[in-house]
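One structure below.
The values are calculated or read from the model by the stated rules, or taken from the named source; none is laboratory data. Worth saying up front: this structure is predicted, and the values here are computed from it rather than measured. All Cβ positions, glycine included, derive from the backbone under ideal geometry; neighbour counts span all protein chains shown.
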Protein chains: 2
Amino acid sequence: MTLALVNETIKKELAAVEQLFTDELGSDLGCVNNLVKHVSRFRGKMLRPTLVLLAGKSCGELTDAHAVLATVVEMVHMATLVHDDVLDEAELRRKGATINHLRGNEAAVLLGDYLISHSFHLCSSLDSQFASRIIGRTTNQVCEGELLQIHHRNNLDLDEETYFQIIRRKTASLCATCCLLGAKYAGASEVRMSQLELFGLSLGTAFQIQDDILDIVGDANTVGKTLGLDLEKGKLTLPIIHYLRTASPQKREWMRSIVENQSPDRIDAVRKLLLASDSINYARHCAGDHVSRARAALADLPDTKSKRLLDAMAEFVADRAV
Amino acid sequence: MTLALVNETIKKELAAVEQLFTDELGSDLGCVNNLVKHVSRFRGKMLRPTLVLLAGKSCGELTDAHAVLATVVEMVHMATLVHDDVLDEAELRRKGATINHLRGNEAAVLLGDYLISHSFHLCSSLDSQFASRIIGRTTNQVCEGELLQIHHRNNLDLDEETYFQIIRRKTASLCATCCLLGAKYAGASEVRMSQLELFGLSLGTAFQIQDDILDIVGDANTVGKTLGLDLEKGKLTLPIIHYLRTASPQKREWMRSIVENQSPDRIDAVRKLLLASDSINYARHCAGDHVSRARAALADLPDTKSKRLLDAMAEFVADRAV
């Protein structure tokens, strides 16, 4: 099962999300519309809208609010991508040139702001403040995760606990919110909402661990973005954290010197050391552990097609090569 | 009358806003709190909270919602300042080092995001979606204004109409929203809300024209930020637009060559040409015109102390040296 197959089952709903996305971002200014066009070219997996929609379907009937919410979370996600590209000085994302590379850092900052602003604007079209409050809380957490990450840049002593704090806030919190809101707007009970939220949190954690693994050992052509960027920007991720904790003193010093060294081929050197160790497997095991937690969180749900698709998604995120 | 004197009359309310500002931005992460500390050092005129509070008082009684709204608009404003500093590469703002200069562009982008996120989060604590929707619409416009501005960077043929479109969206729209929301949450009628909105729009326009004038002919020590930045970043403002339209062909070519030229003393050269012309006066006259419109928008309001203070503010914004 791949995400593309899952998405196929909610094709119509996702098309509505794409339409709403385009409609909401339209401006009376040509220059704004031209810039926004770049974003749609970078549209990716639609993981977050899919979570909103399937969480909703697994708890009851989808409503118009689900299309709105699915669009809102995708906009939040796109905003973080656009601003991440400023942060990361990445020149390649989704096999297309990044906004900042094409149009300069200023346009990238403003386009990210435009996306955040429209996500809140769209969200506030719903009947109650419930979703706005949750989305606001979540974007607060996403910012905190990113800030914690740059605070620990080049910190070779970063521990696993802090790594998990970072990815929980910057990635998993939004996935949790997708599932929580999907459930809430389908009329789910408080208990069911919590189950779905935990599902999203665990799935999001597994997803980010896998992202970090792919950044080291992925295939650039398949993944479609510049690899080795985490290292480039001084971000330590799980495989390296594990390596530095478990390798022999000699190997550890060797790894530290490579990571600190600014040579252009250090990503290859790091990859070699990691592949000869157990650290990539360890990270994969951790991701698998979070997948199990995600699936366990669904145990109590009635057996529907949507539940089975969510279950399949949890497995997919830690298994993907893209 | 200065803004400081106006603020003195609502000292208690503004203190509550400062407290709410600090409370809302607090995090369980020390690194986030350390970064946020920088922002409060840059706290400035409190123009926007003052507009919310006085607009409210001029239409009825202040409520708890006014403190929330006043904090929300100040956060939006601070976010734009922090991101503007990234855009502008300004090294000095409010007589303190800018965030990006102190902590790097990445921290500045994220801190701006953190402020935007918290402004929406705080706004969504209110009872209804009304304010969230208006704030979202306004931040959309602010982004559009900024995007239109960078679209016309280095465009020596920028016309006045486009200049006014830019400043209406990037500055005046938020001032208009401050007054509209202040009135709304004091129970004002639709007509009264429109009057206050127009007041804010006109005041904000006058404020920005004066800001642009000060960037050229202000005294850096008084204004407390790097001057000449508009020119530095290729932003044409009203005095130069007027000069290029009205000067003799010879002088116009001279001005164009100075503006296009990257020499470090070009701000002085531009200042000299403008001061010897009528263009600074023209811009001052335009600002005065918007002040008159602002004051006229208040004509129908009952004669209260708050109305008189708003009236005084309109005059102040176009007259200030800071």
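The table that follows gives values for the structure above.
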| quantity | calculated |
| --- | --- |
| From B:THR138, B:THR171, residue being touching a Gly at 6+ places or on another chain (Cβ under 6 Å), closer than 20 Å to A:TYR114 by Cβ, of a type in the set (Ser, Thr, Tyr) and more than 7 Å from chain A (Cβ to nearest Cβ) | B:THR171 |
| Answer residue from region A:242-257, given it is in a helix (DSSP H, G or I) and polar (S, T, N, Q) and is farthest from the chain's Cα centre (by Cα) among those | A:GLN250 |
| Residue under evaluation A:ARG169, criteria (1) within 13 Å of the chain's Cα centre (by Cα); (2) buried (at least 23 other Cβ atoms within 10 Å of the Cβ), criterion not met | (2) |
| Members of region B:1-15 found to be more than 17 Å from B:ARG320 (Cα to Cα) and either within 14 Å of chain A (Cβ to nearest Cβ) or surrounded by 18 or more Cβ atoms within 10 Å (Cβ to Cβ) (or both), listed by number | B:ILE10, B:GLU13, B:LEU14 |
| Subset of region A:224-267 [in contact with a Leu (Cβ under 9 Å, 6 or more places away or on another chain) and of a type in the set (Val, Ile, Thr)] | A:THR226, A:THR237, A:ILE240, A:ILE241, A:ILE258, A:VAL259, A:ILE267 |
| Check on B:ALA294, buried (at least 20 other Cβ atoms within 10 Å of the Cβ), within 23 Å of B:LYS45 (Cα to Cα), at pLDDT 95 or above and touching a His at 6+ places or on another chain (Cβ under 9 Å) | no |
| Meets criteria (buried (at least 24 other Cβ atoms within 10 Å of the Cβ) and within 14 Å of chain A (Cβ to nearest Cβ)) for B:LEU196 | no |
| First in region A:52-63 and under 12 Å from A:LEU180 (Cα atoms), second anywhere and among the acidic types (Asp, Glu), Cβ under 7 Å, 6 or more apart | A:LEU53/A:GLU13 |
| B:GLY234 touching a residue at least 40 places away in the same chain (Cβ under 8 Å) and not acidic (Asp, Glu) | yes |
| Condition check for A:ALA206: crowded, with 24+ Cβ neighbours inside 10 Å and in contact with a helix residue (DSSP H, G or I) (Cβ under 8 Å, 6 or more places away or on another chain) | yes |
| Residue count for region B:145-161, restricted to those that are touching a helix residue (DSSP H, G or I) at 6+ places or on another chain (Cβ under 6 Å) and loosely packed, with under 14 Cβ neighbours inside 10 Å | 1 |
| Identity of the residue in region A:258-285, acidic (Asp, Glu) and not in a helix (DSSP H, G or I), that ends up nearest to A:ASP230 (Cα to Cα) | A:ASP265 |
| Within region A:29-67, tally of residues that are more than 25 Å from A:VAL191 (Cβ to Cβ) and within 14 Å of another protein chain (Cβ to nearest Cβ) | 11 |
| Residue count, region A:151-168 (criterion: under 17 Å from A:ASP211 (Cβ atoms) and within 8 Å of another protein chain (Cβ to nearest Cβ)) | 0 |
| Every pair of residues 6+ apart whose Cβ atoms lie under 7 Å, when the first sits in region A:130-144 and is crowded, with 24+ Cβ neighbours inside 10 Å while the second is of a type in the set (Asp, Glu) | A:CYS143/B:ASP113 |
